[in-house]
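Reviewing the structure listed below.
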Amino acid sequence: MTTQLPRIVNLDEAPPNRRRGGDLRAMLTPKTVGSTSGFMGVAILKPGERIGEHYHPYSEEFVYVVCGDLEVDLNGTTVPLRPEQGLMIPIDMRHRFRNVGNVEARVVFHLGPLAPRPELGHVDTEVTEGSDEGMVGGGAVPPEPAGAAT
């Protein structure tokens, strides 16, 4: 029997993270809800915005497009991703997302399992335009979840 209580988190409770492009909101994380197997959030991309290329050495990433038209580069191969489609990105696969439509895109993401330490959860492979950081070897979105976001 669990002693942990369910917790609802509103999107506006998750601070925006724009370090890797777009607006990433890690909502259900070890810090916010005590999750132990992974974390979930939402990526919000305005038309023309992108999330820079990266990979996750410990986690699979599951994404579901709520709205908007995206292109996703998966190890250098570009594929379209449309509303009501899901995608599973395997461990170690380089990926980047671009909003190629003319409306805001919203993507729900989940990563699991968690990396053993936050700095091992996410590896950037390019500098994202507008970022206040350069190439980052690790780190999570935000820093507290060990799995690292999109």
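Summed over all non-identical Cα pairs, the Kirkwood treatment of the range 4-79 gives a radius of 14.1 Å. One quarter of the surface of the convex hull around the alpha-carbon atoms of the range 1-128 equals 8.1 nm², the direction-averaged projected area.
Say a paramagnetic label sat at a point 7 Å from the Cα of Cys67, along Cα to Cβ; which residues of the range 1-44 have their backbone N under 16 Å from it? Answer for this model: 11-12, 23, 42-44. What residue among Val42, Gly76, Tyr55 has its Cα farthest toward the positive end of the dipole of the range 1-127, where the charges are +1 on Lys, Arg and -1 on Asp, Glu, each on the Cβ? Going by the charge dipole, the pick is Val42. Amide H contacts of Glu61: Ile89, each under 5 Å away and 5 or more positions distant or on a separate chain (H built 1.01 Å from N in the peptide plane; Pro and chain starts excluded). Taken per residue, the accessible surface of the range 40-98 reaches 46 Å², heavy atoms only and a 1.4 Å probe. Taking the 1.4 Å solvent-accessible surface of the range 41-91 as the whole, the part contributed by carbon and sulfur is 52%.
The values are calculated or read from the model by the stated rules, or taken from the named source; none is laboratory data. Quantities reported herein were computed from a predicted structural model and do not represent experimental measurements. Please note: Cβ atoms are built from the backbone with ideal geometry, for glycine as well, and neighbour counts cover all protein chains shown. All accessible areas refer to the heavy atoms of the entire protein, side chains included, with ligands and DNA or RNA removed. Shrake-Rupley method; radii C 1.70, N 1.55, O 1.52, S 1.80 Å.
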